[in-house]
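Notes follow once the structure below has been shown.
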Amino acid sequence: QWQLVESGGGLVPPGGSLRLSCVGSLSLFNIYVMGWYRQAPGKQRELVATIKDEDRPNYGDSVKGRFIISRSNAKKTVYPQMNNLEPDDTAVYYCNAAFMGANYWGQGIQVTVTS
C-alpha cells in the first residue's frame, strides 16, 4: 500500500521558520505532482504549494514569497521550507501526490505558529 508520511511539524513563534518533509513509498515517484495543502479549523483545505519539475513550482497566494517547495526524487521526498511564519499559517498540513486523476494523501501534521 502506498504511503505518504509527513514529519517536521510543531510549534514555532511568529517570524520563525520550519521545514516539513514528506516521504513517499510510491513507485515511479518522479511522475507525480507532489504538493502540500493545509486546513485550519473551520476553513476549507487550501493549496500551499505543488511541484513537478524543480523549475516550475506553484504556490498558493497566501504563502508566495515566504515558502519554498523542493523535491528529491532519489529520496522520494518533498519539502516545504516555510519562512516568516504567521499565526494564520497555523493548520494541519497534508502531503499530496497526484497523477492522472489519482490522488494520495498523508495523514497530516500540525503546525502551530504562536508566541
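Anything in region 1-60 that is open to solvent by less than 70 Å² (accessible area, probe 1.4 Å), free of Cβ contacts under 8 Å to residues at least 60 places away in the same chain and of a type in the set (D, E, K, R)? List them, or say none.
53
Scan region 81-108 residue by residue and report those that are within 13 Å of the chain's Cα centre (by Cα), of a type in the set (A, V, I, L, M, F, W, C) and open to solvent by 30 Å² or more (accessible area, probe 1.4 Å).
Hits for region 81-108 are 92, 105.
Check off (1) surrounded by 12 or more Cβ atoms within 10 Å (Cβ to Cβ); (2) basic (Lys, Arg); (3) without any contact (Cβ under 8 Å) to a residue 60 or more places away in the chain; (4) farther than 16 Å from residue 103 by Cβ for residue 64 and give me the number that stays unchecked.
(1)
In region 67-80, which residues are buried (at least 19 other Cβ atoms within 10 Å of the Cβ), free of Cβ contacts under 8 Å to residues at least 40 places away in the same chain and not aliphatic (A, V, I, L, M)?
Correct list: 67, 71.
The values are calculated or read from the model by the stated rules, or taken from the named source; none is laboratory data. What you see is a predicted model; the values in this text were computed from it and never measured. Cβ atoms come from the backbone with ideal geometry, glycine included; neighbour counts cover every protein chain shown. Keep in mind that these areas ignore ligands, DNA and RNA; they rest on the heavy atoms of the full protein, side chains included. Shrake-Rupley method; radii C 1.70, N 1.55, O 1.52, S 1.80 Å.
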